[in-house]
Structure formats: C-alpha cells, structure tokens
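The values are calculated or read from the model by the stated rules, or taken from the named source; none is laboratory data. All values reported here derive from a predicted model rather than from experimental measurement. Note: ideal-geometry Cβ built from the backbone for every residue, glycine included; neighbour counts use all protein chains shown. Areas reflect the complete protein model, heavy atoms only, side chains present, ligands, DNA and RNA absent. Shrake-Rupley method; radii C 1.70, N 1.55, O 1.52, S 1.80 Å.
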Amino acid sequence: MKEINILPADTFVVVNRTILNEYDRKIISMLYQPIIGSIATSLYYTLWADLDKTELLSMEYTHHHLMTSLRIKMDAIITARKKLEGVGLLKTFVKKDNVNNYVYEIYSPISASEFFNHPILNIVLYNNVGKKEYENLLKYFKVPRINLSSYEEMTSSFDEVFESLPATTYDNLNEDLRVNKTGNIKIDKGFDFDMLISLVPSGVITTKTFSKEVKELINNLSFVYNMDANSMKSPILNSIKENGLIDKTLLRKNVRNYYRYENENKLPSLVYKSQPEYLKNPVGADDKRAKMIYVFENTSPYNFLKGRSNGAKPSSRDLSLLESLLNDFKLNPGVVNVLIDYVLKINNKKLTRAYLETIASQWKRLNVETVEEAMKAAEKEYKKDKKVNDKPLSKVIKEEKLPEWFNQNIKKEKISEEDEKSLKDMLKEFS
C-alpha cells in the first residue's frame, strides 16, 4: 500500500493484541534495539504506555502527541513505525477521512530462544553488535541447566490432584480472551523454488523435502544472504539427510559458511531497502528527468549498483562502501544511488572510498535527504571542482561522461520508447 502523508492532527488508537510484561521489555531493549534503533524502540514503549489501565485499548490521540512525547519530527516517526512493522512488533491500519484515523496493533517480541534461532534476526544482531557482545547477550538469556540424571521425578499428575464431578453447565465464553501473540516478519519477495527443484537431482529429493516450514526457512535465508536458486543449490544438497528431508540446523550452517566463503568471512547486514515514501517525488510527471528520479527512488543501492555493472554482483569491497554510506553516513537509499551514479560517471567507473566519503560527509552536513536535493548537490559539486581545478575540467572529464541528468534540458524532453523500456527493465529486474 502506498504511504499516506500523516499530519500531526491525524488521530490514532493503540490496540494490544498480546500480553506484555517486563521480560518483553528486556528482549526489546537488548535484542531488538540493536537492529531497529533507539527511536523505533522509544516509539514502541510510548505506544505501550498509551494503553489504558487494563492494557487493552488506548484513548484517542493525535500524532502531535507522539511528536511532543518523543521530541522528533513526523518523518522520523514514520520511519520508526515501519521498522517496528518490519520486525513484527506492530501492525498499522488506516481509515481515510478529512482527518485520517489510524489503529496501531502492538505485538509481543518473540522469545529469546526463537530470536537466537531466527534465520534473519539472529544474523543481523550478531553483525550489528559484534562477537563479544553477542556472546554476552547469549549468556544472559541462556537458561541454566541442572543435570537431573541422578534424580527421580515425583511431580503429581492432574488426575492425582483433581477429580471430575457434575457441577454446573458450561458455555464456551473465552473466544475473545487475550493470548500471547507475536507478529511475523513478512518477506514479500518469493524465492524461485521451481528453479531450485530443476537444479537438484530428482533422485535426491522426495515430495516431503520442501515442506512449508523448510520453504519458509529457505525464503528467509535467501533474503538475508541475498542468494538465488543457483547459490542455494550447494548448501541445500549438503543439508539433505538419507531420508530425503532437509536438516534445518545444518542448512543454516551451510548457507552461513557458503556466504562467508564468498564474502571474505563477513556476515550480511540489512539496510533500508529503498527511498522512504515520504521523501519521494509525486508520481505523474512524464519527462525524462522525472523517470530517472523514479528509478533512483525505487531501486535499492545494491541493485542499482548491480544494474550499473551490467548485472554483475557487486564485490565485497563495493558492498562495504554501500553499507558505510547507508549505515555510517545515514544517507537515504535514493541519495546513495545518485552519489553512485555521479562518481561512476566522472571517475572512470571506479568507486573510490575517499572520494565517496568526502562527498557523503558534505551531503550529510547539508542535510541532503531527497533524490532531487542530491542531484542538485552533485551538479554544484561538479561546478565547484571545475572552477578550482588548474586544468580545464573538460580535458580531465569529458562532457559525455557526466550523468545524463546534469542536462537540464531533459526536463522538457519526453522520454523515448527505448529509454522508457530501459528504465522499466531495471525496475522490473530489481524490484
């Protein structure tokens, strides 16, 4: 669903779909916060605090209440809300009117055991906090075990303590009682299982090899490790047992080892997929520049760089650069795409870390957030370099090597069928 522009006057209520306790608070602070950040964590706690005394339903608030409580702007609230939705802690519903009304359903975090065995959250936590802190967290949540082999169990059974007597009539009235609900992480981009099955020898698998649970695991692993059917083939074959079933624990290990081997022993990190909706241009303009902006805004930096490399997977060095621009410099994905395009064009198809980081630092200080702001900043940077360079810049950088969007006349040009097809193909391949 397309993001709706939220105004401070828009109202919301909070609905509790679970049973929240202090242990949940520890899990969110210690395990979820390193992934979603402090602002999203604070938003969750604020919505939790807004519930009434029965912790079922809040009174009606405006979004200005959230802005004043958290001391942040609306765009930061939207980003934080999306992070909570992404990890399954929140569901959002809207009823459109003159003043839009939202319903925020909050859910419990998954248990520590589920978290440390989760194919996505566990890996991202490890990557974000490092080996030492990860081991400390694991040790904190680990349940102590006592060797009971020399003990004899003497626990009473239910029927030893109670007996059944006819006492009263019974109507099932508990349909609406609260249960401990956790939200699911939803990944819309499906894995190509038909391709995978065609790659695996038929005598190795059975009709039960790819169960619903196994398919869900493969889909999650393929997402977090950015692996397609060809890449997943080897780890899966090495995880199939004699009975034709897949050992899920072994599969996790094999996929992780495969990825680390291919990426210089590094583990993956997750970043915001594409430009946030509230920072995108309104769709509708038909000129060439508007179409280019649309591509910058709706393609992830990974896939944009892959497209600019004629479909070749970015190297581990280039991935490290992307991660730094997104995580360390906190540039929005669309802005990173403009920066990549600019540097590739004027630097003979090379991404030089020092040059990229110099521009990234400047853009961060200038608070460049949108694609159009980034394009204008790049044009200004080019003019500045041209002025201070001892040689005429035209001798160093040929005009045709500049990004096409430097030409302001393309605002008036209607996009050609060939360019339209090229842009559509890029979005189709990388969406």
Note, segment 102-116: 3J(HN,Hα) by Karplus (6.51, -1.76, 1.60, θ = phi - 60°), whole Hz, Gly/Pro = x, goes 10, 10, 10, 9, 9, 10, 5, x, 6, 5, 4, 4, 5, 4, 6
With all protein chains present, segment 191-241 has a carbon and sulfur share of its accessible area (1.4 Å probe) in percent of 50 percent
Other residues with Cβ under 14 Å from the Cβ of LEU250 give, with Lys and Arg +1 and Asp and Glu -1, a net charge of +3
In segment 1-51, the trypsin sites (Lys or Arg not before Pro) that sit in a DSSP loop and have at most 16 other Cβ atoms within 10 Å of their own Cβ are LYS2
Those trypsin sites (Lys or Arg not before Pro) from segment 50-155 that are DSSP loop and have at most 11 other Cβ neighbours within 10 Å turn out to be LYS53, ARG71, LYS73, LYS96, LYS142, ARG145
Mean accessible area per residue over segment 1-122 (1.4 angstrom probe, all protein chains present, square angstrom) is 48 Å²
Here, LEU148 and LYS364, labelled 7 Å along Cα→Cβ, have an inter-label distance in nm of 5.2 nm
Under a 1.4 Å probe, counting only protein heavy atoms, TYR140 has an accessible area in Å², nearest 10, of 110 Å²
A 1.4 Å probe over the protein heavy atoms gives segment 4-49 a carbon and sulfur accessible-area percentage of 60 percent
